[in-house]
1. Out of the residues in the stretch 116-127 meeting the condition of being of a type outside the set (A, V, I, L, M, F, W, C) and buried (at least 18 other Cβ atoms within 10 Å of the Cβ), tell me which one is nearest to E29 (Cα to Cα).
2. Among the residues of the stretch 106-131, count how many are touching a strand residue (DSSP E or B) at 6+ places or on another chain (Cβ under 7 Å) and in a loop (DSSP other than H, G, I, E, B).
3. Out of curiosity, is E97 closer than 16 Å to Y55 by Cβ, within 14 Å of the chain's Cα centre (by Cα), surrounded by 13 or more Cβ atoms within 10 Å (Cβ to Cβ) and free of Cβ contacts under 8 Å to residues at least 40 places away in the same chain?
4. Name every residue in the stretch 23-78 that is assigned to a strand (DSSP E or B), among the aliphatic types (A, V, I, L, M) and surrounded by 17 or more Cβ atoms within 10 Å (Cβ to Cβ), in order of residue number.
5. Any idea how many residues of the stretch 88-105 are in a strand (DSSP E or B) and either of a type in the set (G, A, S) or more than 19 Å from R28 (Cβ to Cβ) (or both)?
6. Please state which one of E35, E91 is under 15 Å from the mean Cα position of the chain (by Cα) and among the acidic types (D, E).
7. For the structure I just gave you, tell me whether Y85 is within 11 Å of the chain's Cα centre (by Cα) and aromatic (F, W, Y).
Amino acid sequence: MSTEKFTEAAKDKPYFSKYLGIDFKELREGYTKAELEIRSELLNRLGLLHGGVIYSLADTCMGGAVFSLLDDDQHCVAMEVKTNYLRPVTEGKLVAEARVAHPGHRVAVATCEVHDGNGNMIAMATGSFYISNNT
């Protein structure tokens, strides 16, 4: 799937990732890079970025990496995602980079590292994605 087709597929759609502010910066075969600006409404009651936002960024980025390998008549959905939170973050920008580790026919496995604006790794994730044909 080309970057243009990927961008067109998400254009002007009310997806959750659009609400979060996930901005895809790079998409190539088996790889995705995305960024997210931290906003006050994404913080938890302690003033830290909510873990669900980090999880969603990693999940979305890994899904994009898997999606980049699919035929036009296929799609993928997460089956399982494991996220390790390494340090808290309160402001700035997050950068996520995901790579497909195993491009299976029905199940693909991807990994993602999430860094803050200073390059510190704040989380890492692995995910399994089910691949099926559009019906």
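Any read-out appearing in this document is the output of simple, stated calculations on the displayed coordinates, not a laboratory observation. Treat the numbers as computed from the prediction; the structure is a model and nothing was measured. Cβ sites come from the backbone with ideal geometry, for glycine too, and all protein chains shown count toward neighbours.
1. The residue in question is G127.
2. Of the residues in that region, 2 qualify.
3. no
4. L27, A34, L36, L49
5. 5
6. The conditions single out E35.
7. When the stated conditions are applied, Y85 does not pass them.
Let's see how each residue does on (1) touching a Leu at 6+ places or on another chain (Cβ under 6 Å); (2) free of Cβ contacts under 8 Å to residues at least 24 places away in the same chain; (3) more than 15 Å from M124 (Cβ to Cβ):
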| position | (1), (2), (3) |
| --- | --- |
| R39 | no, yes, yes |
| S68 | yes, no, yes |
| Q74 | no, no, yes |
| V77 | no, no, yes |
| N84 | no, no, no |
| R87 | no, no, no |
| K93 | no, no, yes |
